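**Q** Before I ask anything, here is the structure I am working with.
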Amino acid sequence: MPNNYVIKSNAKASLSGKWPQAVSIAAIILSVFCLYIVLIELILTPFSAITNEYSVAFIIIAISVVFAQFFGMPLLYGALRWFWFTSSDADVPVSEIFCYFSSGKEYLRALSLSFRIFMRSTAVLFFCFLPSMIVIAISSPTTYDMLNAPMPYWASSVWAIGNALTFLGLVMSFLTLIRYFTAPILMINDPTLSPNEALDLSVIITKNANGKTSAFVLSFVGWAILSLLAIFPILFALPYFLASYSVFCRFLINHYNNKIASSYNLY
């Protein structure tokens, strides 16, 4: 496997002469996100005055999940198709990002993958953060107010353990979820592969490459922070990441295929 510099250099080369299309795709994705924000505001406006903050938070989470699953993720997978084929020097139109809305079969396929990733991610996050949630609840005065019980004198001193468990849960969930890193590309690359098979194959492919995959993802933390501070950088950072992600997955899949071929040649 090449290092991140080589991967990113290949990604930039694949985007040479195609930056206008790449930026257009980023603009479309960003516009959809803005549409989501407007939708949230329109829905919450009549509810915010008659419901409490917990109900509002639940409504936001529910709308976010539905919007992401039924519209956001199929659109993102379509964008990935464009960058995946572009990384192999194919000439594809920008309209490729709407591929998974072109037929019911393709839409359900994308929906199935996003739903499976969501369910697995929810389960992983729950179990990884469960210990910290329990400890934080024990050290929180709100818990004892709800139980109408006195707070033990030792409870306030375990908050540091809760913070340590939160950090550990973050690391464990990241290392667990990164196993599904190549699943979208595998589904895109092989139309005969089911979403469940793509997830299982992704776990196999990334089994011995968690370190390289983690390093690749973390190498874009600076771009992520810069994009949060200003809108304009994301129009460059998002295409750059998606192109690099496509190139990285291509190297990772080829590395796995070569490894399998070598094992067969031994026999």
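**Q** Write down the accessible area per residue of segment 1-71 in Å², having rolled a 1.4 Å probe over the full set of protein chains. Intermediate values should be presented prior to the final figure.
**A** Numbers: 4390 Å² over 71 residues.
Computed with neighbouring chains in place, this is 62 Å² per residue.
**Q** How about Lys207: which lysines have a C-alpha closer than 16 Å to its C-alpha, ignoring those fewer than 8 places off in the same chain?
**A** Of all the lysines, those that pass the test against Lys207 - Cα under 16 Å, at least 8 places apart if same chain - are Lys259.
**Q** Pairs of Cα atoms under 8 Å, at least six residues apart: use those to get the relative contact order of the chain, whole percent. Numbers along the way, then the final one.
**A** Numbers: 223 pairs, mean separation 68.8, N = 267.
Relative contact order for the chain comes out at 26 percent.
**Q** Can you give me the relative contact order of segment 144-239 as a percent, contacts being Cα pairs under 8 Å and 6 or more apart?
**A** 18 percent
**Q** Just how far, in whole angstrom, is segment 63-95 from segment 106-120 if you go by their alpha carbon centroids?
**A** Answer, in whole Å: 13.
**Q** Express the accessible area of segment 143-267 per residue in Å², computed with a 1.4 Å probe while the remaining protein chains stay in the model. Walk me through the numbers on the way to the answer.
**A** On the way: 7310 Å² over 125 residues.
Per-residue value: 59 Å².
**Q** Got a number for carbon plus sulfur as a percent of segment 125-192's accessible area, 1.4 Å probe? Please list the in-between numbers first.
**A** Details: 3180 of 4240 Å².
In segment 125-192, the share of accessible area belonging to carbon and sulfur is 75 percent.
**Q** Something else: Using only helices, what value at 222 nm comes out for the chain when you add -39,500 (n - 2.57) per DSSP H run of length 4 or more and divide by the total residues, to the nearest 500 deg cm²/dmol? Before the final figure, lay out each step's value.
**A** Numbers: 12 runs with 201 residues, N = 267.
The per-residue figure over the chain is -25000 deg cm²/dmol.
**Q** For helix 232-265, report the angle its Cα long axis makes with the longest principal axis of the Cα atoms of the chain; keep it between 0 and 90° and round to the nearest 10°.
**A** Between the helix axis and the principal axis of the chain, the angle is about 70 degrees.
The values are calculated or read from the model by the stated rules, or taken from the named source; none is laboratory data. Note that this is a predicted model, so its numbers are computed, not measured. Ligands, DNA and RNA are excluded from the accessible area calculation, which covers all protein heavy atoms including side chains. Shrake-Rupley method; radii C 1.70, N 1.55, O 1.52, S 1.80 Å.
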